[in-house]
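The values are calculated or read from the model by the stated rules, or taken from the named source; none is laboratory data. Please read these numbers as outputs of a predicted model, since none were measured by experiment. Because the Cβ atoms are built from the backbone with ideal geometry, glycine has one as well, and the counts that use them run over all protein chains shown.
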Amino acid sequence: MIYKYIRFVLDLIYPSRCPVCGDFIGYTDDFCQKCRENINFLEESFDIQYSDFSMSVCIYDENISPAVFTLKDKGGNAPYAFAIGISELIKKYLVSEHIDFIIPVPMYKSDKAKRGYNQCELIASEISHISGIPHKFNIVFKIRKTPHQKELSKNERKSNLKNAFALKNPEKISGKNIILIDDVCTTGSTLSEISRLLKNNGAGKIFCLTYCRTDFLKLSK
Ligand SMILES: [Zn+2]
């Protein structure tokens, strides 16, 4: 309730805009109606190794890609819009699970400094406001810069992420059920590698939720 009030006041100063087309929208809206109708929402989960459940809100295509650009450019209303969609997944698919906390996919520190923020942290913060599930930013760290996964072959992708992530305070994840958050799932390798790291260090269940995912079926053609 307080959060809605904060958004209402912020909207008076910085009116909310649709993260796809930039039109003004209501302060509780994620997208304008027209852009929302064009989003290709998903109904099915998919498999990611070491993850107990993986799901995305929609297919990554030209209808949603401007919002991903907004998210990585200045952020705008995109973190909130993406958090609304992911919070709906939590309500719909994980309602019977006990979730201890949310962890965003980390960025390498120089990449984060260049952008000024980690967009996944912004999304995770918004999800915490909406769902009441706390987030933790001080558990998983990216300790090595890696080339983009989509530029590599399947075998290169596996070795590319080897030892790219590390845990701090591993005792904090012992037996904990964790939601891992990313904006876009391209190959699933990053989420799988972090899930593996968390499970090998004693985490309970891992749920990987992302806003978009590439169309795997089209990719394999
Ligand atoms: Zn729009």
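Can you find a residue in region 67-81 that is closer than 18 Å to residue 184 by Cα, touching a Ser or Thr at 6+ places or on another chain (Cβ under 9 Å) and of a type in the set (Val, Ile, Thr)? No, there is no match, as no residue in region 67-81 is closer than 18 Å to residue 184 by Cα, touching a Ser or Thr at 6+ places or on another chain (Cβ under 9 Å) and of a type in the set (Val, Ile, Thr).
For region 1-114, please list each of the helices (runs of 4 or more DSSP H) lying entirely inside it that holds at least 1 residues being away from the ligand (no atom under 16 Å from the Cβ) and either farther than 14 Å from residue 131 by Cα or touching a residue at least 24 places away in the same chain (Cβ under 8 Å) (or both).
2-13, 65-73, 78-93
Every test in (1) under 16 Å from residue 50 (Cβ atoms); (2) in a helix (DSSP H, G or I) is passed by residue 156 save one, and that test is (1).
Yes/no matrix, rows are residues, columns are (1) assigned to a strand (DSSP E or B); (2) out of contact with any helix residue (DSSP H, G or I) (no Cβ under 9 Å at 6 or more places or on another chain); (3) not charged (D, E, K, R):
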| residue | (1), (2), (3) |
| --- | --- |
| 175 | no, yes, yes |
| 183 | yes, no, no |
| 191 | no, yes, yes |
| 194 | no, yes, yes |
| 198 | no, no, yes |
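Can you find a residue in region 36-57 that is surrounded by fewer than 20 Cβ atoms within 10 Å (Cβ to Cβ), within 15 Å of residue 185 (Cα to Cα), among the β-branched types (Val, Ile, Thr) and in contact with an Asp or Glu (Cβ under 9 Å, 6 or more places away or on another chain)? Within region 36-57, not a single residue is surrounded by fewer than 20 Cβ atoms within 10 Å (Cβ to Cβ), within 15 Å of residue 185 (Cα to Cα), among the β-branched types (Val, Ile, Thr) and in contact with an Asp or Glu (Cβ under 9 Å, 6 or more places away or on another chain). Quick one: in region 115-132, of everything that is of a type in the set (Gly, Ala, Ser) and in a loop (DSSP other than H, G, I, E, B), which residue is farthest from residue 198 (Cα to Cα)? Checked region 115-132; the qualifying residue farthest from residue 198 (Cα to Cα) is 116. Checked against (1) closer than 29 Å to residue 43 by Cβ; (2) at pLDDT 95 or above; (3) among the small types (Gly, Ala, Ser), residue 189 passes all but condition (2).
Answer with yes or no whether residue 76 is surrounded by fewer than 14 Cβ atoms within 10 Å (Cβ to Cβ) and of a type outside the set (Ser, Thr, Tyr). So residue 76 fails the test.
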